[in-house]
Amino acid sequence: MLLPAVVFALALFVYPFTYGIDLTFQPLPGTQQQWGGGIFANYIAFFKDPFIFDSVWITMRLALPAALFNVLVSIPIAFKLRQKFRGKRFMSSLLVLPITLGTVLTAQGLLIFAGRQGWLNRFLIETGIISEPLQLVNNYLGVMFSLIISGFPFAYLLISSYLSGIDPALEAAARTLGADWKQRFRRVTLPLLAPGLATTFILTFVLAFSVFPSARLVGDPGGATRVMALMAYRSFAEQHDYGMASTIAIMMGVIELIVIAIVLLGRSFLYRGSTGGKG
Amino acid sequence: MKVQGEVAHVTASAFDSLQLKNVGRSFGGQEALVGLNLTIRQGEFIALLGPSGCGKSTALNCLAGLLPLTRGEILIDDKRIDLLPPEKRDFGMVFQNYALFPHLSVEKNIAFSLHMRHLAKADIARRVAKGLALVKLEEHAKKLPGQLSGGQQQRVAIARAVVLEPRLVLMDEPLSNLDTKLRLEMRTEIRRLHQSLGLTTVYVTHDQEEALSLADRLVVLREGRMLQVGTPEELHNNPANWHVADFMGYRNLLDLRVETVSGGLARVAGNGLSLMATAVQAVGVGDTVRVAIRPHDLLVVGSGVSTEERNTIEAVVNVVEYQGREFAVDVTTTDGQNLFVQSETAPVPGDAVTLTVDPGRILVYRSNLDMSSEESELAQVQA
């Protein structure tokens, strides 16, 4: 029974992964010459070549704020959408819709709407609010918008479900004990929600960190949004340096793991037991 | 109420009376509560009793402020409080599933309401210690609720609700999740707490035994309406209508017709029976009525023994249930009427028996539950 699963895991994950790691230790002669270090040349190049190494900070600069924004903004919205109100279903569908669109369609939409000659700029110029078009795409902002549009529904759905997993009687009990909404949030809801928030942050962050098509489509791939995934692609497809491509990919994984480890460490200090709700 | 460093009682002062005036709540077209009128005096233990869906939990939640009223008012000493949110009412509440904060220790759970009032640390510590001693959980102070048994969690919930000695304590079927033995123990605990703290309490339950043993006064509800209010004895011995009688353990409810009426007595007949009974509500000759008899009041006499001037019923025994001290006997009369008898001796299934009943213990009620204006008035006064 276990055999097919093991074969599956081996073939689709373990083998390519180890093959990839293996590749990183086979630097091109050019790399070795430039950076030295024998089989570790790829790694040395990674850390010493500013063109490559800067991409770490560039990607982090996009992924961290996007993940934080998605998680933090989801919280009040998830709270508000707990109560029934007219058009609730419409609003919920609207919030979740972007997941279905995909990166390319989102990028297309952003360019049409927020581009230099897009609807937004034309409207603002024609009504005289601004005189020069706003640069909202083909830069850092464009990619940030794209990350938020595609990441928010995901974070919202997760946080919504964590929230509904908290027994509503707990909040009722807190009210009868004299707690106003601020106190309830700080002492009851937030502590119980925190582990879920940590998990959501990790997932949203990993999603955002691997940003690729939007960095090209609505970003500035040569400069401000030269993300790690783009660098890996460049090594792979343009320079045919498979070793370096693998190295960048591996380092992406390592950095994500470091961030995940930090968050999980923090999370381990929180109460992670049952919160009694029906989910 | 910010009280820093004050050692004296910080509770809202006890009230004289809490009044529910024509309280009603409807939701989505359904009327969960209608015309609830009740005056609760300070220190009273009031039980709200009724079957599922009768509105008792709704009434409690309305009192707590967790549900808004659609009609009526709630007043404390003639001041309206139904517009206040729960956090401002100074009531304590014990929930059916306890609703203990899972991430806080027993101590911190109990201290919660004290923290909300920003009391001094020393004061909080003192009150928490008192609360723990009250429910005998001192050695579990630092544990998390998940590490406690059901009964212990129950006690934490109670301590948490009463630690501030609130002016009203609300309990929503707190014992229904416990096993029988624990339920009986906790019942005595709750009674003891009420005697020692004297806090006004409103207690919701569907268990008539619980209500009878704990309450100073009972309110029986059905489909959102009050049926009767009174002391346990009053309700037990003199139920106002057949539904209350049903709930108070008058298991035998017979649909019979009135043949004669004179004074408070009526002769009712049907299904082969002819009995002299007490008319609790006003009935007329020819009316179809519901007659209530308690299983305990049906006495088994030897077959064939004549008992003049007393009601006699001939029947055959079907099932005999052993209940420790007594037997629950199910019999059928010669005309097919099923009756439940509670007897100290066990007849043999298949035997013929003669039952006799005191006319004072056969209660005749109108079949429909609408109260006459006289009865409504009486209900208002008692409430």
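Axis of helix A:50-80 versus longest Cα principal axis of chain A: the two differ by about 10°, to the nearest ten degrees. Inter-part distance, region A:152-176 to region A:199-222, computed on C-alpha centroids, equals 28 Å.
DSSP beta bridges in chain B, what fraction antiparallel, as a percent rounded to 5? Antiparallel bridges make up about 75 percent of those DSSP assigns within chain B.
Please work out how much length the chain gains when fully extended from B:VAL285 to B:HIS115, using 0.36 nm per residue of separation minus the C-alpha to C-alpha distance, in nm with one decimal.
Gain on stretching B:VAL285 to B:HIS115: 54.6 nm.
Once Rg and the Kirkwood radius are both taken over the C-alpha atoms of region B:17-237, their ratio Rg/Rh works out to 0.96. Within the listed set A:GLN26, A:GLN239, A:GLN83, the Gaussian network model of chain A (springs between alpha-carbon atoms below 10 Å) gives the highest mean-square fluctuation for A:GLN83. Relative to the longest principal axis of the Cα atoms of chain B, the long axis of helix B:373-382 lies at roughly 40 degrees.
Model label points for B:ALA14 and A:ARG82, set 7 angstrom from Cα along the Cα-to-Cβ axis, are 3.6 nm apart.
Highest-first packing order for the peptide set A:142-148, B:322-328, B:207-213 is A:142-148, B:207-213, B:322-328, based on the mean count of other beta carbon atoms within 10 Å. Note on B:LYS136: aspartates and glutamates with a C-alpha under 12 Å away, same-chain residues under 8 apart excluded, are B:GLU189. In the structure shown, the pairs A:LYS182/B:LYS21; B:LYS21/B:LYS79; B:LYS121/B:LYS142; A:LYS84/B:LYS79; B:LYS21/B:LYS56; A:LYS182/B:LYS108 are assessed against 22 Å; a Cα-Cα span above that value is assigned to A:LYS182/B:LYS21; A:LYS84/B:LYS79.
Binning all Cα-Cα separations of chain B at 10 Å, short to long from zero, yields these whole-percent fractions: 5, 20, 25, 21, 15, 9, 4, 1, 0. With the highest mean first, a sort of the peptides B:349-360, B:83-94 on other beta-carbon atoms found within 10 angstrom per residue produces B:83-94, B:349-360. The base-10 log of I(q)/I(0) for region A:26-117, evaluated at q = 0.15, 0.19 Å⁻¹, reads -0.84, -1.01 [Debye formula, identical scatterers on Cα atoms, solvent excluded]. The longest stretch of chain A left intact once loop-based trypsin sites (Lys or Arg not before Pro) with at most 13 other Cβ atoms within 10 Å are removed from consideration, loops following DSSP, is A:87-277. Calculated mean residue ellipticity at 222 nm for the protein assembly as shown: -13000 deg cm²/dmol, from DSSP H runs with n ≥ 4 weighted as -39500 (n - 2.57), summed, divided by the residue count and rounded to 500. Karplus-derived 3J(HN,Hα) values for region A:130-146, using 6.51 cos²θ - 1.76 cosθ + 1.60 with θ = phi - 60°, are 10, 10, 10, x, 7, 8, 9, 10, 6, 7, 4, 4, x, 5, 4, 4, 4 Hz; glycine and proline are entered as x. Share of pairwise Cα-Cα distances greater than 26 Å in chain A is 58 percent (whole percent).
May I ask what percent, to the nearest 5, of DSSP beta bridges between residues of the protein assembly as shown are antiparallel?
The answer is about 75 percent antiparallel.
The packing ranking of peptides B:312-320, B:133-141, B:23-31, B:223-231, highest mean first, is B:223-231, B:312-320, B:133-141, B:23-31, where packing means the average number of other beta carbon atoms within 10 angstrom of each residue. When you filter the chymotrypsin sites (Phe, Trp or Tyr not before Pro) in region A:1-76 for DSSP loop state and at most 15 other Cβ atoms inside 10 Å of their Cβ, you are left with A:PHE25.
No lab work stands behind these numbers, since they all come straight from the coordinates. Treat the numbers as computed from the prediction; the structure is a model and nothing was measured. Here Cβ is always computed from backbone atoms with ideal geometry, including for glycine, and neighbour counts include all displayed protein chains.
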